Each structure stands twice: as structure tokens, then as C-alpha cells.
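K.L.:
Would you mind keeping the following structure in view while I ask a few things?
Rule-based calculations on the coordinates, nothing more; no lab input. Keep in mind that what you see is a predicted model, and the values were worked out from it rather than measured. So basically every Cβ, Gly included, is an ideal-geometry build from the backbone, and we count neighbours across all protein chains shown.
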Amino acid sequence: MSIKDDFSTIKNLLYFVEATKSCSISRAAINMGVKQSNLSSSISSLEKELNVKLLSRIHNGVTTTDTGQKIFEMATEFERVLYRIRNFSTSGHKVSGQIKLWTTDGLGTGCITAYLPDYYAKYPNVSIDFRCSNNYLKIAPRDADIAILYHKPPVNNDTWIISEHMMRFTLFASLDYIAQHGMPKDMRDLMKNHKICERVNFSDVWQEWSDVVKQSRYVVSSTNSSSVLLRLTKDGIGVALHPMGIAAKEKNLVKLDCLNFYVEHPYWLVCKTASKDVPKVRTLIEFLKGMENTL
């Protein structure tokens, strides 16, 4: 087999891997920046070369055949080798380079950015490329070195679960709100006499918070965005539930300890299996693990 044939096989394997991860030919083509017809043709060529069926069509995309899954697992080994080679230049004693970090848009980024000055003070030659989304189904290990997940993390050969942590939430109000409406005396007073700002999915996560919202007389705003919820609270619109580590850094916000209302939610740090020992990635892993006690 010629070098030209090897190049063709490698290209077709990478297209196949992306289609498998995306569970869609069309989505894989978008991710790879190629025409859908070209990507389909490449996978067909690979099937012809190997004399096997790699993918089967399902209602909303594609899935691997039994043989395709075996080929996929072998191909991801090749991906990991490529990743190590690309990061070889930054694997020396000097920690530098860019890290791709995936997290949710709002809650996840808010948890991290408040603490980044401490990280950059220690590692000034590292830059972080934030990849933000709220679609947990589209997380691909090839798209990020590290991911922070608030749903159960994916389990596959490419992903290494670094650690599981817990984020604690409590109620906050702004100084302006307290000056105008007073401090809630207890939860009963909060629900009867005070304004509530709600993030809509919090009621699905915590039954105790759902009960508070249902019994509250004045739910004055709701949003699906953590950053908007924080803005509403800072502007004095009402009382809201926030991660303690994030809201406590806001000078205008007061933690309502008198209400003694606390809830918790797990989150996971995950990364590429191939990247977990890359020095620049390791620095951010250790930093993020150390944030747990402040969130």
C-alpha cells in the first residue's frame, strides 16, 4: 500500500470517528468543515477498503455496527497519538499554550471566571479557550481538553473522569432590595411577603425549591440563564437561589443566612484520556479540583 493510500485511509478514519461521535453524517460534516456528500463518500470508501459495514442508519442519525464499534475503538487510539504529538512542544518544564475548556453557558463560566486571576498569576503563559453550550448531548472529547458537566458524564474510551464535586446553593438579595423591602425573617415570611426571581430548571432539580416557588406569593421573574438570574438579583428585582461561591463574590449581594436554606448539586470534571498528563492541562485540572471548597 502506498503512502497516498495511507493518507486516504487516515482521512476516512477521522471522518468515520467524527460521524460516530456525532451520531450524524450531516452534523459530522459541519464539525469537520466538509460537504456532507464528501464525508459520506469517504466513509463508504473506508467500508469498501475494509470490506465491512461500519454504520447503520437510525431514525435520527447513524450508529455503529458491531464491527464499526471495534474499528471506532481502534481509530480513537490513533486520535490519542495525534493529540500527544500535537502537544509535545508544550510538554516540557515551561507550562504554556492554550487549553480548550467546555462548560455550560452561565453557571459553569461564572464558577470559573471569578477565580481565574489566581490561576493566571501562577501560570501567565497559559490561555483558556472557553467553549460554552447548554447542550450536554453534543460534548465531544475531541472538542475540549477539559469539560465541567452538571449531568452525569459520558463514559467512553476517550473520556477520563477526573473527579466528582459538590456545588452548594443558598438565597441571596441585593443591598438595594433589602433597603427597600427589609430582610426576610424566615422562609414563611419570604414566601408570603417577598419577591422571588427563579431560574426555571431549578424547580426540576430540587423538590424543596419547587415547593418554595409554588408557595411564594410573588414570583416576579423567571429565566433559563444563570447570568440573567444574577443580574436580576443584583438589580434588586428579588431574592434568588445562587451558587454560594459565585454570588458571595458580588459586593452588592447579601447571603440570607437567616433563612437557613441550602441545596447542593454535583458536578464532574472530565477530560480527554490522552490529555490528562499534558502539563498545561494538568495545571488547570488541579486548579479546578481545588475550587470545590469555594463554590
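K.L.:
With n ≥ 4 as the cut-off for DSSP H runs, can you work out [θ] at 222 nm for the chain, using -39500 (n - 2.57) per run divided by the number of residues, rounded to the nearest 500?
P.N.:
The helix-only estimate for the chain comes to -13000 deg cm²/dmol at 222 nm.
K.L.:
How large is the convex hull of the C-alpha atoms of region 3-80 per residue, in Å³?
P.N.:
86 Å³
K.L.:
Can you work out the base-10 log of I(q)/I(0) for the chain at q = 0.16 1/Å, using the Debye formula on its C-alpha atoms alone?
P.N.:
-1.19
K.L.:
Report the net charge of residues surrounding SER203, where surrounding means a beta-carbon distance below 15 angstrom and charges are Lys +1, Arg +1, Asp -1, Glu -1.
P.N.:
That sum, taken over residues with Cβ under 15 Å, equals -2.
K.L.:
Oh, and also: Please pull out the direction-averaged projected area of region 157-224, using the convex hull of its alpha-carbon atoms, in nm² to one decimal place.
P.N.:
Projected area, direction-averaged: 6.8 nm².
K.L.:
Could you tell me which of the pairs LYS48/LYS100; LYS251/LYS276; LYS214/LYS234; LYS185/LYS249; LYS185/LYS289; LYS70/LYS276 are separated by over 31 angstrom between their Cα atoms in the structure shown?
P.N.:
Violating the 31 Å Cα-Cα cut-off are LYS48/LYS100; LYS251/LYS276; LYS185/LYS289.
K.L.:
Any idea what angle helix 3-22 forms with the longest principal axis of the chain, computed on alpha-carbon atoms, 0 to 90 degrees, nearest 10?
P.N.:
Roughly 30 degrees, rounded to the nearest 10.
K.L.:
Considering only the other residues whose Cβ falls under 12 Å of the Cβ of SER174, what net charge follows from Lys and Arg at +1 and Asp and Glu at -1?
P.N.:
Neighbour charge sum, excluding SER174 itself: +2.
K.L.:
Would you mind estimating how fast region 167-264 diffuses translationally, via Stokes-Einstein at 10 °C and 1.306 mPa s with the Kirkwood radius over Cα pairs, in µm²/s?
P.N.:
122 µm²/s
K.L.:
Just add up the charged neighbours of ARG282: K/R +1, D/E -1, any other residue whose Cβ is under 11 Å from the Cβ of ARG282.
P.N.:
So the surrounding residues net to 0.
K.L.:
Sort 220-229, 18-27 for me by packing, meaning the mean count of neighbouring Cβ atoms within 10 Å per residue, highest on top.
P.N.:
18-27, 220-229
K.L.:
Give the separation of the Cα centroids, region 10-56 to region 228-295, in Å.
P.N.:
Rounded to whole Å, the Cα centres lie 39 Å apart.
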